[in-house]
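The values are calculated or read from the model by the stated rules, or taken from the named source; none is laboratory data. Since we're looking at a predicted model, the values are computed, not measured. Glycine also receives a Cβ, built like all others from the backbone with ideal geometry; neighbour counts cover every protein chain displayed. Keep in mind that these areas ignore ligands, DNA and RNA; they rest on the heavy atoms of the full protein, side chains included. Shrake-Rupley method; radii C 1.70, N 1.55, O 1.52, S 1.80 Å.
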Amino acid sequence: MKAMVLEEISPIENSPLRLLDWPAPEPGPGELSVRVRACAVCRTDLHVIEGDLPGETLPIIPGHQVVGIVERMGPECRAFRPGQRVGIAWLRQTCGVCRFCLAGRENLCSGARFTGYHAHGGYAQWAVVPELFAYLIPDVFHDEEAAPLLCAGIIGYRALKRANVPPGGKLALYGFGSSAHVVLQLALYRGYEVFVVSRAEKHRQLARDMGAHWVGEKPADLPTKVDSAIIFAPAGELVPAALELLEKGGTLAVAGIHLSPIPEMDYTRCLFFERDLRSVTSNTREDGRALLEEAAQIPIRPKVTAYPLAEANRALQDLKADRLAGTGVLLIE
């Protein structure tokens with residue numbers, strides 16, 4: 001099969017992914033063999049490629065927002081059948097027996113393994129996934145629309161849950177990339193008033209076009225305090241500013257897997273009056289199932305830019321340079 005393979009950690013500007021002939025993976029017990037049709041690119045892929053995350057497994061095929069067709073099933077598979085369209089997401093395995101798994105918090109499992117990081121992902125013509133961690137894709141979505149939901153959507157969904165927005169509340173989004181533009185659609189559907197802060201004019205214009213109540217370039221420009229906020233940009237310097245702009249009792253969720261250092265904060269201005277600062281760590285499978293169900297009801301329509309598999313480096317370069325509005329998706333033949 002053809003695959004874009006990372007053999008050495010390097011800045012994406014060096015185009016470190018190589019298009020190689022790679023052995024097609026064989027499904028083991030309880031695994032599905034999936035013919036990949038689309039795989040969205042993600043900032044987490046950049047963190048893997050550029051070495052921001054520890055413990056790299058090399059060589060690795062990145063990609064964890066995968067949509068494809070079940071072709072074969074390993075022994076002991078029961079939940080799917082050949083021909084069904086499934087999604088493969090970041091979370092691909094947990095221990096199932098630790099206190100976090102048993103409490104419904106498997107995203108905190110110390111034994112968790114992740115697609116495109118610990119095991120080969122979807123920048124390829126074929127992929128395998130444990131069937132217990134695969135998602136049935138609703139028919140309402142085209143392949144390229146479904147792919148961004150499998151990380152940008154799921155993490156956005158969990159971030160929105162962690163942000164604890166009250167009914168009819170005001171929500172600020174800092175950064176307006178792939179995940180935020182899915183969250184905006186969820187938030188509007190739920191009746192929230194949404195404020196978007198983004199440095200890039202094309203992102204601000206997309207937020208306006210999608211129905212945000214207010215859009216601006218800087219946190220200080222927000223016209224009002226908000227009940228809840230989510231930081232999607234990997235910029236720690238936004239944390240104090242976002243906290244200061246919360247109402248009493250408000251909640252700030254930080255959605256990134258990687259964040260630059262948070263500067264010193266003034267306790268009274270930023271955290272007093274029971275403001276909460278919460279992180280977001282991966283997702284549970286229940287998050288994924290719930291997001292896909294709600295997304296199909298709306299239905300969410302991710303904004304995508306398509307690239308062929310061989311141009312994965314360019315797609316990620318465009319992502320890093322903020323040239324993408326919405327999500328980049330690799331279409332795989």
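Values as computed for the structure displayed
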{"read-out": "FRET efficiency for LEU132 and ARG18, using Cβ-Cβ distance with R0 set to 35 Å, rounded to 0.05", "value": "0.65"}
{"read-out": "At R0 = 22 Å, FRET efficiency that the Cβ-Cβ distance of ALA290 and HIS142 yields, to 0.05", "value": "0.55"}
{"read-out": "Global geometry of region 1-104, whether rounded, prolate or oblate, following the gyration tensor of its Cα atoms and the 1.5 cut on a/c", "value": "oblate"}
{"read-out": "Length gained when the stretch GLU217-ARG269 is fully extended (0.36 nm per residue, less Cα-Cα span)", "value": "16.5 nm"}
{"read-out": "Directionally averaged projected area (convex hull, Cα atoms, region 222-333), nm²", "value": "9.7 nm²"}
{"read-out": "Tensor-based shape of region 47-175 (alpha-carbon gyration tensor, a/c under 1.5 rounded, otherwise prolate or oblate)", "value": "rounded"}
{"read-out": "Antiparallel %, DSSP beta bridges [both residues in the chain], to 5", "value": "55 percent"}
{"read-out": "Sum of side-chain charges, VAL194 neighbourhood, beta-carbon under 14 Å (Lys, Arg +1; Asp, Glu -1)", "value": "+1"}
{"read-out": "Two-site FRET efficiency, ALA310 against LYS248, from Cβ-Cβ distance with R₀ of 56 Å, rounded to 0.05", "value": "0.60"}
{"read-out": "Spatial separation of Cα centroids for region 27-43 and region 109-151, in angstrom", "value": "5 Å"}
{"read-out": "Carbon/sulfur fraction of accessible area - the chain, other protein chains in place, 1.4 Å, %", "value": "49 percent"}
{"read-out": "Under 5 Å, built H, 5+ apart or other chain: amide partners of GLU247", "value": "VAL226, ASP227"}
{"read-out": "Contour minus Cα-Cα distance for GLU76 and ASP52 (0.36 nm per residue)", "value": "5.0 nm"}
{"read-out": "5 angstrom amide H check on VAL304, placed H, neighbours 5+ away", "value": "THR327"}
{"read-out": "Potential extension, GLN205-GLU26 segment - 0.36 nm per residue separation minus Cα distance", "value": "59.9 nm"}
{"read-out": "Heavy-atom accessible area per residue - the chain, 1.4 Å, Å²", "value": "42 Å²"}
{"read-out": "Burial ranking of peptide ranges 267-277, 218-228 (average Cβ count within 10 Å, highest at the top)", "value": "218-228, 267-277"}
